[in-house]
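The numbers here are math on the coordinates, done by the rules we state, and not lab data. What you see is a predicted model; the values in this text were computed from it and never measured. Cβ: placed from backbone, ideal geometry, glycine included. Neighbour counts: every protein chain shown.
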C-alpha cells in the first residue's frame with residue numbers, strides 16, 4: 001500500500017475546498033490575482049525594455065563605427081598604409097576614412113551647432129546607412145570641390161534649409177588675418193537630406209560633406225580623423241579591436257563601440273535592473289495577502305488542527321499542511337501571470353495597434369519619438385527568473401502562518417468546542 005503524504009493531501013484539499021468564511025475566500029482570491037498581475041506586468045515590461053534596448057543599440061550601430069583606428073594625436077596620416085592589414089580580416093564588412101569635427105551652421109539668420117563629418121563616397125556606402133537613408137537629394141552629389149553638404153533631417157529643420165540653399169559651415173579653428181583672428185568658414189550647397197536613423201545626435205546635428213572639402217575647411221593637411229570599420233558581427237568589436245591593435249604593433253589607437261557608448265548602455269542596463277526590482281515589490285505586496293489569508297485560515301481551522309494533533313500528526317506535519325495551501329495559491333497565481341505575460345509580450349504590437357485604434361491616438365508619434373512601436377523581446381531566462389522568484393516569495397510568505405499553526409495546543413483549541 002502506497003504511503004500517503006498527509007500534509008500534501010490535506011493542504012491540497014484545503015486549497016480546493018469552499019470555505020465557510022466568504023471573506024477568507026475573497027482575500028485568498030485577491031492574493032492569487034495580485035501575484036498573477038505582478039508576474040504579468042514584470043514579464044511584459046521587462047520584455048518591452050529588452051526590445052527598446054536592442055532597437056536603440058541597433059540604430060546606434062547602423063550609423064556609429066563598430067571599430068575606429070586613429071593616430072596617437074587624434075589624427076591619422078597616410079591611412080592607406082592600413083589597407084593591407086584591414087583586407088586580411090575576414091570579419092570586416094567595410095572600412096572608410098573620415099574627418100569628424102565640430103562646427104557651426106548658419107542660414108538666413110538661423111545658427112546651430114553641428115557635427116561635421118567628411119566622408120569618401122567611394123568607401124562610405126560599405127560602413128554607413130546614410131546613403132540608403134536619403135529622403136531628398138542624392139548621396140552621389142558629394143563631389144570633391146563642389147562643396148555640397150547633406151544635412152540630417154532635424155538639422156535642416158532647425159536651419160529651415162531646403163535642397164539648393166546655401167548654408168555656411170564655420171570651423172571653430174581661427175585663422176590669422178590683418179583684422180585679427182577670424183574663424184574659417186565656407187558656403188556649402190544643400191544637396192541632400194537624410195533622416196530616420198539613430199538618435200537625435202545624428203538626424204538633428206550631423207552634416208556630411210566630401211572628405212576633401214572637410215580637409216580644406218579644417219586645414220587637416222592631408223590627415224584624416226581616422227578609419228572607421230563595420231563588422232559582420234558588431235558584438236565581436238572588442239575582440240576585433242584587440243586583434244587589429246596587435247597586428248599594428250599598438251602604434252595606433254584602436255577603439256570600439258562598446259567603449260565609446262559604454263555609459264549609455266550601462267544606464268540602460270541599470271534602468272532595466274531597477275525596474276525589475278521595483279516591479280518585484282508588486283509580487284511581494286501580493287504575497288503579503290497570502291500571509292493574511294493563512295493567518296485567518298489557521299484561526300478558522302484551530303479545531304481541525306487540534307483533532308489532527310490528537311490523532312498523532314506532528315507539528316511539522318501541521319506546518320506542511322498550511323505551507324502547501326499557501327504555496328498552491330502562489331504557484332497558481334504565478335503560472336497564470338506567466339502565461340499572460342508571455343502571450344502579451346509575443347503579441348504586444350497587435351495589442352498596442354488595437355488600443356491605438358480604439359482611442360484614435362498614436363502612443364508614440366513618429367515626429368516626437370525615435371522608436372514609434374513597442375519592440376518587445378521575450379527572453380525565456382527572464383521568464384524563468386520571474387517565475388522562480390515569485391514562487392520563492394510565496395514560499396517565504398507561508399512560513400510564519402504555518403509555524404504559528406504548528407504551535408497550536410490541542411487542549412487549548414478544543415476547550416470551548
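In table form, for the structure just shown:
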| read-out | value |
| --- | --- |
| Footprinting exposure proxy for 98, 157 (fewest neighbouring C-beta atoms within 10 Å first) | 157, 98 |
| The range 66-257 - percent relative contact order, Cα under 8 Å, separation 6 or more | 36 percent |
| Burial ordering of 66, 261, fewest other beta-carbon atoms within 10 Å first | 261, 66 |
| log10 of Debye I(q)/I(0), alpha-carbon scatterers only, for the range 66-257 at 0.08, 0.10, 0.14, 0.16 Å⁻¹ | -0.27, -0.42, -0.80, -1.01 |
| Taking 389, 190 and counting other C-beta atoms within 10 Å, the order from fewest to most | 389, 190 |
| Estimated FRET transfer efficiency when R0 is 51 angstrom, pair residue 353-residue 144 (beta carbons, to 0.05) | 0.60 |
| Extended-chain gain in nm, criterion 0.36 nm per residue less alpha-carbon gap, residue 292 and residue 242 | 12.2 nm |
| Inter-part distance where the range 316-346 and the range 28-52 are each reduced to a Cα centre, Å | 13 Å |
| Net lengthening on full extension, residue 273/residue 335 (0.36 nm per residue, minus Cα-Cα) | 20.1 nm |
